[in-house]
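**Student:** My questions all concern the structure below.
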Amino acid sequence: MHVLVIEVVLHLPWSTSLKDKRKVRYGLIDRLTRRHRISVKEVDCQGAQQTLCLGIAGVVLTEAGAHELEQSILKTIEENCDGEIREWNVEIV
């Protein structure tokens, strides 16, 4: 059994307030947790209106499954967020 841990930093250049960022955060977290059955939490940058930092964790059976899940999560984020991915840090434990 392995744990996939991802830290992603998204830049939201169009966001003019924390309210705009909150809409993106709630929608993205909801979609990721429902689609992939993973844990997602905002882990940093809570006061920055154009930066969204998410911590993602999921349990998988194999390392190959972890890589599959990572690619699926990346695709979901790219399809459902108008922001730009600034950082993508992955660890498989």
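Bear in mind that the values in this text are calculations on the coordinates, not laboratory data. Predicted model only: the values in this text are computed from it and were never measured. So basically every Cβ, Gly included, is an ideal-geometry build from the backbone, and we count neighbours across all protein chains shown.
**Student:** Residue farthest toward the positive end of the dipole of the chain, with Cβ of Lys/Arg at +1 and Asp/Glu at -1: which of Val90, Leu4, Gln50?
**Tutor:** Looking along the dipole axis, the top candidate is Gln50.
**Student:** Let me ask something else. Output ³J(HN,Hα) for the range 51-56: one whole-Hz value per residue in order, computed from phi by the Karplus curve 6.51 cos²θ - 1.76 cosθ + 1.60 with θ = phi - 60°, and x for Gly and Pro.
**Tutor:** Listing the rounded values in order: 10, 10, 10, 10, x, 10 Hz.
**Student:** Moving on to the next point. Let me have the relative contact order for the chain, percent, based on Cα pairs under 8 Å that are six or more residues apart.
**Tutor:** 50
**Student:** Next question, about the same structure. Grab the beta carbon distance between His11 and Val43, set R0 = 22 Å, and tell me the FRET efficiency rounded to 0.05.
**Tutor:** 0.90
**Student:** Sort largest first and round to whole Å: the equivalent ellipsoid semi-axes of the range 2-92, each the square root of five times a Cα gyration tensor eigenvalue.
**Tutor:** 24, 12, 11
**Student:** Further, regarding this structure: Within the range 51-82, find all residues whose amide N lies under 11 Å from a label point positioned 7 Å from the Cα of Ile92 along Cα-to-beta-carbon.
**Tutor:** Within reach of a label on Ile92, which here means backbone N under 11 Å from a point 7 Å along Cα→Cβ, the range 51-82 contributes 60-71.
**Student:** In nm, to one decimal, how far is the Leu61 label point from the Arg31 one, both placed 7 Å along Cα→Cβ?
**Tutor:** With each label point 7 Å from Cα toward Cβ, the separation is 2.9 nm.
**Student:** Loop only per DSSP, at most 13 neighbouring Cβ atoms within 10 Å: give me the trypsin sites (Lys or Arg not before Pro) in the range 1-72, ordered by residue number.
**Tutor:** Those satisfying the criteria are Arg37.
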